[in-house]
Structures are given as structure tokens and as C-alpha cells.
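The values are calculated or read from the model by the stated rules, or taken from the named source; none is laboratory data. Keep in mind it's a predicted model, so treat the numbers as computed, not measured. All Cβ positions, even for glycine, are placed from backbone atoms using ideal geometry, and neighbour counts span all protein chains on display. Ligands, DNA and RNA are excluded from the accessible area calculation, which covers all protein heavy atoms including side chains. Shrake-Rupley method; radii C 1.70, N 1.55, O 1.52, S 1.80 Å.
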Amino acid sequence: MTNIDGYHISSFKPSEILSEIFNNIPVLKCRYDDVFICAPVKSGTHWTWEIVSMLLNGKAETIPNSKGAQMLEATPTEIIDEIPSPRVLNSHLHLCRLPKEALEKKCKFVFILRDPRDLAVSYYHHCKGISLYEYDGMFENFLPLFLEGKLDYNNYLEYVVEWEKAMEERPEIHLTYYEDLKTNCIEEVRKLALFLGITCTDDLIRRISDKCNFEQMKDDKDNHIPEEVRKAIFRENFSIFRKGTVGDWKNTFTVAQNEYFDSMFLEKMKNSKLLRRYT
Ligand code: A3P
């Protein structure tokens, strides 16, 4: 992991991209119709990206492997510049590290939240499953890293608070909860369409929601990863589409870990309107 001025970010990201981001060089030209999917890592970025892309394309059809190509901190700017509109850019970077132009132009942002306990478990499997992290620790050692903000993109709570403040004055930010996508995907897709200003039929909304369900997406996406890429990046049996459930943390956290989580996060979550539902 690289540490740039106290900000942790994976060192396998291309160094020229990191230096652009951290030197605040506004190389990326934002377009008025860019949509940004932003979320803490493992909150359901792939899922939401797919839904938004399908809504913008007006088709319930998957485009293989293109979320990664539109991820700000993973893809060279020249490549992002070539992507035809409307782009569905995505990032886990803090709001203050996103291109200023995106805020000035009032681009649309979809912000996703997920129960931080489920996220911590998902993040643990992510770090273990992606070989570039070279991580082999136990969850009991991983949880403190997450709670103390020592993983990529630093502190989860600070990240959320920054977005929460921005949402108070920016109607161009739409919030989607992972758990709501799970319980009523059709309704959440409808809200996303409304937010994006897209008129679409109930039938298309239903088809997008079906096409983006967990099993379908796992099938569509995992089968499109070339074998050599899979071998270079993933450890055996790893998939971004691991379980896709709500409440999985209960199968992992011990009572002591739950108490530790509460001691570090609970009060702060109660003070956040956005996170209170998880307390
Ligand atoms: P789990 O590891 O808990 O299974 P991100 O896309 O931000 O990296 O988040 C990945 C998490 O979202 C993983 O969680 C993954 O399984 C889940 N996910 C991805 N697509 C999903 C879908 N269509 N339905 C439910 N969960 C999904």
C-alpha cells in the first residue's frame, strides 16, 4: 500500500494517476452529462454502476468489464477522455480528491452506502482475494485496520461525513443504500431513473433490475474475465461477486469484535443521519 501525505492507496494503481490526483492537477475534463458513482470500497459500486449504465443506454444489456475502465484512480486520463458520453465514472476517492470541475459543472453523483460491518467483511475477502495486495491476515487483525482507517482510502466514517455535508447543499447527489437495492431493486432503479432524468417503461426497469441481480451479474461478469487477467490479479476462487447478502457480518464477527466495532464506530454513526439506520 502507498501512503501519500497520510492517505493510503494501493500501490498497484498507476503512479502517474496517483500523482495527478494528489497534486490536484485538473487533467480530467469533465462533461456536463458525466455521472459519477461514488462509494466506500465494497458498498455495491459494480452493481450500481451496471444499473446506471443500463439506464443511460436504455437497454438491459451488460457491457463486459467496463466499470474498471471508467474508474478514476485506476485508469489513465487519456483513456477516460476517449470514452463516449454519457460516461459512468466511478471512484472510491474522498469527495475533496475528485475533479473540482465535476462539482462546478454540477455533474450527477450517485452515492452508495452499505452497513459498515458487512463492508468490513467484504473488504477483508477483497484484500485476501486480490493477489496484488499480498494480504494473508486473519479477520481479527484486519478489523482494527478498517476501524482505524489504515486501509485504502483511509477512514470510512470521515468519508461518509464529507458526503453527508455535501448532500445538504447539492441536490445533484443521489443516495442509494445497498440494503434497499437488495429488498426492492425495482423501486431503487426507478428512483435512479428519475434522478438521472430518464423516462423509461416499467418493463425496462424490471428487466434492468432482473439483469442486475446477483447471480446474473456474477455469471455475466465472472465469465468475461480473460483467464490470464484472472490469474494475474485474483487468487483462486476469488470473485468480486462473493455472496451479495445483507447481514453476513453476523457470521464473521465475534461478540468481542462486535463490541470493539461499537466502541469505535457506534456513537459516530448515531450522529450521522445517513448511518443511523445501521445503529
Ligand atoms: P460481498 O463481498 O459481501 O459479497 P463493490 O462493487 O463496491 O466492490 O462491492 C462488492 C460487493 O457488492 C460484494 O459484496 C458483492 O458481492 C456485492 N455485489 C455486487 N453485485 C451485486 C448484486 N448484483 N447484488 C448484490 N450484491 C452485489
### Task
Go through the residues of region 127-143 one by one and say whether even a single one is within 12 Å of the ligand (Cβ to nearest atom), modelled with pLDDT of 95 or more, open to solvent by 40 Å² or more (accessible area, probe 1.4 Å) and touching a helix residue (DSSP H, G or I) at 6+ places or on another chain (Cβ under 9 Å).
yes
### Task
Filter region 67-95 for residues that are open to solvent by 20 Å² or more (accessible area, probe 1.4 Å), part of a helix (DSSP H, G or I) and modelled with pLDDT of 90 or more and give the result.
GLN70, ASP81, GLU82
## Note on the structure
Scanning region 199-221 residue by residue, those assigned to a loop (DSSP other than H, G, I, E, B), surrounded by 14 or more Cβ atoms within 10 Å (Cβ to Cβ) and either among the aromatic types (Phe, Trp, Tyr) or over 19 Å from the mean Cα position of the chain (by Cα) (or both) turn out to be CYS200
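Restricting attention to region 222-242, which residues are over 16 Å from the mean Cα position of the chain (by Cα) and either part of a loop (DSSP other than H, G, I, E, B) or surrounded by 15 or more Cβ atoms within 10 Å (Cβ to Cβ) (or both)?
Scanning region 222-242 gives ASN223, HIS224, ILE225, PRO226, PHE234, ARG235, GLU236, ASN237, PHE238.
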### Query
Any residue at all in region 152-173 that is part of a strand (DSSP E or B) and in contact (Cβ under 8 Å) with a residue 60 or more places away in the chain?
yes
## Note on the structure
For region 251-279 the number of residues that are within 21 Å of LYS165 (Cα to Cα) and open to solvent by less than 60 Å² (accessible area, probe 1.4 Å) is 7
### Failed condition for ASP219, given (1) in contact (Cβ under 8 Å) with a residue 24 or more places away in the chain; (2) within 16 Å of the ligand (Cβ to nearest atom)
(1)
### Query
LYS191 versus (1) in contact with a helix residue (DSSP H, G or I) (Cβ under 6 Å, 6 or more places away or on another chain); (2) open to solvent by 20 Å² or more (accessible area, probe 1.4 Å); (3) more than 12 Å from the ligand (Cβ to nearest atom); (4) not polar (S, T, N, Q): which is the lone unmet condition?
(1)
